[in-house]
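Trainee: Right, I'll just put the structure down here and ask away after.
Please treat every number below as a calculation from the coordinates, not as lab data. Since we're looking at a predicted model, the values are computed, not measured. Neighbour counts run over all protein chains shown; Cβ positions are idealised from the backbone, glycine included.
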Amino acid sequence: MAKITAGVSTSHIPAIGAALDNGRSAEPYWAKVFSGFDFSKRWIAEEKPDVVFLVYNDHASAFSLEMIPTFAIGCAESFKPADEGWGPRPVPIVQGSPDLAWHIAEAVIQSDFDLTIINKMDVDHGLTVPLSLMFGQPEAWPCQVIPFAVNVVQYPPPSGARCYALGKAIRKAIESFDADLNVQIWGTGGMSHQLQGPRAGLINAKFDNHFLDLLVNDPEAAARIPHVEFIREAGSEGIELVMWLIMRGALADTVEELHRFYHVPASNTAVGHLILKNPA
Ligand SMILES: O=C(O)c1ccc(O)c(O)c1
């Protein structure tokens with residue numbers, strides 16, 4: 001059977017992708033950001049996941065105000081990097097995992113979570129920046145990826161509790177897939193940031209670190225945080241942290257924290273990163 005061996009969370013700031021793509025990652029400002037992923041790159045090279053189930057949000061690249069799925073699963077054979085206004089990122093095409101994705105869609109929809117099935121989609125920085133942070137700049141991404149897009153852009157986003165429960169349904173679905181696959185689940189976005197209005201630039205390190213602690217050790221409490229608290233404490237885009245709850249819901253109640261990194265600033269946000277190992 002397929003197994004979820006680990007969860008990874010990371011912010012997905014577009015300027016990180018631009019720093020890598022434009023050869024600026026050694027500059028002192030960016031070197032500090034990338035240093036938080038040195039352990040992670042060594043770790044994942046040994047772990048060699050077959051598939052990453054990657055929870056992220058689209059930034060009006062594949063979707064728009066014309067179409068806003070709350071939860072959308074990518075079932076295609078492959079996904080091209082999106083053109084976000086300055087040409088597609090020079091990163092490999094993402095290879096999907098259609099058989100597993102369709103199995104998850106069937107199991108999760110029949111567990112009463114209504115997913116939108118996506119058979120054609122370009123993927124933006126929300127998905128490609130986490131891949132770059134974890135794998136660097138390879139010729140081809142070393143594993144298959146199932147993109148799982150969550151609406152955290154247009155009100156109303158799903159609650160943290162709903163996301164946490166969805167993670168549990170995703171875990172059941174993956175672990176009932178009859179193939180010997182090493183699967184990781186990643187939750188991306190966050191941490192505190194607000195990109196517009198009088199509070200633009202808001203960073204709340206105390207809230208972010210408390211959220212990291214809760215996510216690892218008391219995920220039920222993290223799942224009870226209401227939208228208004230995320231937005232008040234972590235800024236309007238801090239709501240992206242509900243995506244980390246999908247990742248956490250898909251792991252065991254007790255996990256081992258293998259790695260943690262927290263750094264301010266990267267562009268307008270705090271960078272948070274966790275690697276959580278599922279018990280064997
Ligand atoms: O400019 C920024 O800091 C920033 C951060 C995260 C995002 O997802 C984004 O679209 C922009």
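Trainee: Looking only at residues that are of a type in the set (A, V, I, L, M, F, W, C) and surrounded by fewer than 24 Cβ atoms within 10 Å (Cβ to Cβ) in the range 252-273, which one is nearest to the ligand (Cβ to nearest atom)? Outline the logic, then answer.
Mentor: Of the residues in the range 252-273, the ones of a type in the set (A, V, I, L, M, F, W, C) are 252, 255, 258, 261, 264, 266, 270-271.
The next check asks that each one be surrounded by fewer than 24 Cβ atoms within 10 Å (Cβ to Cβ); those that pass are 252, 255, 258, 261, 264, 266.
On the way: 252: 29, 255: 26, 258: 25, 261: 17, 264: 11, 266: 7 Å.
Ranking the candidates gives 266 first.
Trainee: Now for a different question. From the set of residues in the range 43-88 that are within 16 Å of the ligand (Cβ to nearest atom), among the aliphatic types (A, V, I, L, M) and outside any strand (DSSP E or B), which is farthest from residue 120 (Cα to Cα)?
Mentor: 60
Trainee: Right, something else. What are the pairs with Cβ atoms under 6 angstrom where one residue, in the range 17-42, is in a loop (DSSP other than H, G, I, E, B) and the other, located anywhere, is among the aliphatic types (A, V, I, L, M)? Sequence gap at least six, or different chains.
Mentor: 25/19; 37/133
Trainee: Does the range 238-249 contain any residue that is loosely packed, with under 15 Cβ neighbours inside 10 Å and not polar (S, T, N, Q)?
Mentor: For the range 238-249, residues loosely packed, with under 15 Cβ neighbours inside 10 Å and not polar (S, T, N, Q): absent.
Trainee: Of the residues 197, 189, 136, which is within 16 Å of the ligand (Cβ to nearest atom), within 21 Å of residue 16 (Cα to Cα) and of a type outside the set (A, V, I, L, M, F, W, C)? Can you show your working first?
Mentor: Values: 197 fails: within 21 Å of residue 16 (Cα to Cα); 136 fails: within 16 Å of the ligand (Cβ to nearest atom).
189 is the lone residue from the list that is within 16 Å of the ligand (Cβ to nearest atom), within 21 Å of residue 16 (Cα to Cα) and of a type outside the set (A, V, I, L, M, F, W, C).
Trainee: Moving on. Under the condition of being assigned to a loop (DSSP other than H, G, I, E, B) and more than 15 Å from the ligand (Cβ to nearest atom), which residue from the range 211-237 is surrounded by the most Cβ atoms within 10 Å (Cβ to Cβ)?
Mentor: Filtering first and then ranking leaves 225.
Trainee: From the list 213, 218, 178, which residue is of a type in the set (Asp, Glu) and touching a residue at least 60 places away in the same chain (Cβ under 8 Å)?
Mentor: Working: 213 fails: touching a residue at least 60 places away in the same chain (Cβ under 8 Å); 218 fails: touching a residue at least 60 places away in the same chain (Cβ under 8 Å).
So the residue among 213, 218, 178 that is of a type in the set (Asp, Glu) and touching a residue at least 60 places away in the same chain (Cβ under 8 Å) is 178.
Trainee: Residues of the range 176-210 being crowded, with 20+ Cβ neighbours inside 10 Å, outside any loop (DSSP other than H, G, I, E, B) and in contact with a strand residue (DSSP E or B) (Cβ under 7 Å, 6 or more places away or on another chain), which ones?
Mentor: Listed by number, the residues that qualify are 183, 184, 185, 186, 187, 188, 208.
Trainee: Take residue 156 and decide whether it is part of a loop (DSSP other than H, G, I, E, B), more than 27 Å from residue 228 (Cα to Cα) and over 17 Å from the mean Cα position of the chain (by Cα). Before the answer, list the steps.
Mentor: On the way: part of a loop (DSSP other than H, G, I, E, B): yes; more than 27 Å from residue 228 (Cα to Cα): no; over 17 Å from the mean Cα position of the chain (by Cα): yes.
For residue 156, the condition - part of a loop (DSSP other than H, G, I, E, B), more than 27 Å from residue 228 (Cα to Cα) and over 17 Å from the mean Cα position of the chain (by Cα) - is not met.
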